[in-house]
């Protein structure tokens with residue numbers, strides 16, 4: 001699981017109607033100014049793979065092996081239950097993205113979190129929605145795109161709870177964004193990372 005250095009902040013987030021974006025079938029779409037926020041199922045997300053990979057180094061740093069990223073990392077995630085991708089697109093350019101899926105015991109990150117939280121918070125892990133990535137192109141940060149992507153990713157989920165990993169520094173933009181949207185720190189993950197959780201419904 002990776003963390004973008006900065007994400008936008010916004011109170012945006014609305015229900016969305018079906019539409020088309022960038023030549024791929026989108027499940028839903030909304031807007032932030034001139035930017036279209038789209039949500040895509042696993043099959044539709046495949047069309048965005050190379051655009052996501054092209055943007056990745058700007059927010060997360062160099063990709064050591066692009067073939068491995070495509071064939072293992074991306075496809076492994078896209079094959080998991082309830083995978084969904086959200087995109088921010090303007091004039092055909094990908095400005096940001098996020099994705100997640102249903103996390104289960106037996107998956108690497110879920111097991112790391114379960115061990116870190118201990119028995120007291122065991123009910124958080126397994127069957128949760130795992131917010132895996134959230135990223136906005138650095139030049140586009142501060143426009144509310146990070147918040148809009150976050151809201152679109154979690155909108156209408158059937159899950160009762162969601163988990164993510166982010167920097168432990170509460171002053172960081174990502175950490176503050178999640179706090180403002182109701183996330184709480186559940187425990188520490190080394191090095192200098194925390195796991196945060198959010199209840200999606202009672």
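Miscellaneous remarks
- Yes/no for residue 105 being at pLDDT 95 or above, surrounded by fewer than 18 Cβ atoms within 10 Å (Cβ to Cβ) and in contact with a helix residue (DSSP H, G or I) (Cβ under 8 Å, 6 or more places away or on another chain): yes
- Residues that are closer than 20 Å to residue 187 by Cα, free of Cβ contacts under 8 Å to residues at least 40 places away in the same chain, buried (at least 16 other Cβ atoms within 10 Å of the Cβ) and in contact with a strand residue (DSSP E or B) (Cβ under 9 Å, 6 or more places away or on another chain) are absent from region 44-64 altogether.
- Number of positions in region 45-68 that are farther than 21 Å from residue 166 by Cβ and either part of a helix (DSSP H, G or I) or within 15 Å of the chain's Cα centre (by Cα) (or both): 12
- Any hit, region 4-14, residues being closer than 12 Å to residue 145 by Cβ and at pLDDT 50 or above: no
- Screening residue 95 on (1) modelled with pLDDT of 95 or more; (2) touching a helix residue (DSSP H, G or I) at 6+ places or on another chain (Cβ under 9 Å); (3) surrounded by fewer than 22 Cβ atoms within 10 Å (Cβ to Cβ) shows it passes everything except condition (3).
- The residues listed here are 136, 125; of these, the one that is under 27 Å from residue 29 (Cβ atoms), surrounded by 15 or more Cβ atoms within 10 Å (Cβ to Cβ), at pLDDT 95 or above and touching a helix residue (DSSP H, G or I) at 6+ places or on another chain (Cβ under 6 Å) is 136.
- Highlighted here are the strands (runs of 3 or more DSSP E) found entirely within region 157-202 that include at least 1 residues which are under 14 Å from the mean Cα position of the chain (by Cα), modelled with pLDDT of 95 or more and closer than 18 Å to residue 100 by Cβ: 161-167, 193-199.
- Qualifying residues in region 95-108 (those that are assigned to a strand (DSSP E or B) and free of Cβ contacts under 8 Å to residues at least 60 places away in the same chain) - the one farthest from residue 53 (Cα to Cα): 102
- Of the candidates 75, 115, the single residue that is under 28 Å from residue 161 (Cα atoms), under 17 Å from the mean Cα position of the chain (by Cα), loosely packed, with under 15 Cβ neighbours inside 10 Å and without any contact (Cβ under 8 Å) to a residue 12 or more places away in the chain is 75.
- Residue in region 30-40 that is modelled with pLDDT under 95 and crowded, with 18+ Cβ neighbours inside 10 Å present: yes
The values are calculated or read from the model by the stated rules, or taken from the named source; none is laboratory data. Since the model is a prediction, treat every value here as computed from it, not as a measurement. Neighbour counts run over all protein chains shown; Cβ positions are idealised from the backbone, glycine included.
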